[in-house]
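Peer 1: Mind having a look at this structure? Questions to follow.
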Amino acid sequence: MARPVLLDTCAAIWLVNGDPISAEGRAAIAAAQTENLGIYISPMTAWEIATLAAKNRLQLTLSPEAWFDALLGLARVRLAAMPPKVLIASAALPGMPPRDPVDRIIAATGRAFGYSIVTRNGELMSYARAGHIDAITC
């Protein structure tokens, strides 16, 4: 059954750039679009994009703010909610959660709202294999 998806930062970059995404990732994104389930982006992705650009680790043709606005302008892409309960939950995730605070927030967001997380992040994929989140390799 199709679910709404939450793109991690790398998946968001690849989507905007038109970079190759796995068949499973493309199918999940397409299903979320066609069934109007939503493709969600964490507000933390805006911070990561700005940080990567500031450190010259990501070259953008737009300002980070304009780039993020363009991302949110894509069909069925929505900003994920980030209420305090998600931030609190990210500090007390079960099992062996990712070490990176942004990845923990993404995991907590996926758990709170029932999103499938589209990612290539090894720690998020390990966390999914342990049964704590639903993740799809992009």
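Peer 1: Each residue of the range 34-43 in order: what ³J(HN,Hα) in whole Hz does its phi give by Karplus 6.51 cos²θ - 1.76 cosθ + 1.60, θ = phi - 60°, with x for Gly and Pro?
Peer 2: Each residue's phi maps through the Karplus curve to give 5, 8, 6, 7, x, 10, 9, 10, 5, x Hz.
Peer 1: Let me ask something additional. Compute the whole-percent fraction of alpha carbon pairs in the range 77-129 spaced more than 15 Å apart.
Peer 2: Above the 15 Å cut-off, the range 77-129 has 40 percent of its Cα pairs.
Peer 1: Using the Karplus curve 6.51 cos²θ - 1.76 cosθ + 1.60 with θ = phi - 60°, work out ³J(HN,Hα) for each residue of the range 85-102 in order, rounded to whole Hz, and write x for Gly and Pro.
Peer 2: 4, 5, 5, 5, 4, 5, 8, 9, 5, x, x, 10, x, x, 7, 5, x, 5
Peer 1: Over the chain, what percent of the accessible surface lies on carbon and sulfur atoms, probe 1.4 Å?
Peer 2: 57
Peer 1: If amide H atoms are built 1.01 Å from N in the plane of the peptide, which residues on other chains or at least 5 residues away come under 5 Å of the amide H of ILE136?
Peer 2: Amide H neighbours of ILE136: ILE117, VAL118, THR119.
Peer 1: On to the next question. Fully extended, how many nm does the chain gain between MET96 and ALA81 (0.36 nm per residue separation, minus their Cα-Cα distance)?
Peer 2: 3.0 nm
Peer 1: Let me ask you something else. Once you charge only the Cβ atoms, +1 for Lys and Arg and -1 for Asp and Glu, what is the size of the charge dipole of the chain about its Cα centre, to the nearest 20 debye?
Peer 2: 200
Peer 1: Considering every pair of different Cα atoms, what Kirkwood radius, in Å, is found for the range 49-138?
Peer 2: Mean inverse Cα-Cα distance, inverted, gives 14.4 Å.
Peer 1: Further question: I need the calculated FRET efficiency for the pair SER63 and SER126, taking r as the beta carbon distance and R₀ as 35 Å, to the nearest 0.05.
Peer 2: Once the sixth-power term is evaluated, E becomes 0.55.
Peer 1: If you don't mind, there's one more thing I want to ask. Short version: ³J(HN,Hα) in whole Hz for each residue of the range 103-114, in order, from phi by Karplus 6.51 cos²θ - 1.76 cosθ + 1.60 (θ = phi - 60°), x for Gly and Pro, what are they?
Peer 2: For the range 103-114, the Karplus curve yields 5, 5, 5, 4, 4, 5, 5, x, 5, 5, 10, x Hz.
Peer 1: Which Cα, out of TYR127, THR9, PRO64, lies furthest along the positive dipole direction of the chain (beta carbon charges, K/R +1, D/E -1)?
Peer 2: Positive-most Cα among the choices belongs to TYR127.
The values are calculated or read from the model by the stated rules, or taken from the named source; none is laboratory data. The structure displayed is predicted, hence computed values, not measured ones. With ideal geometry, Cβ positions are generated from the backbone for all residues, glycine too; neighbour counts draw on all protein chains shown. Surface accessibility is based on the protein's heavy atoms, side chains included, excluding ligands, DNA and RNA. Shrake-Rupley method; radii C 1.70, N 1.55, O 1.52, S 1.80 Å.
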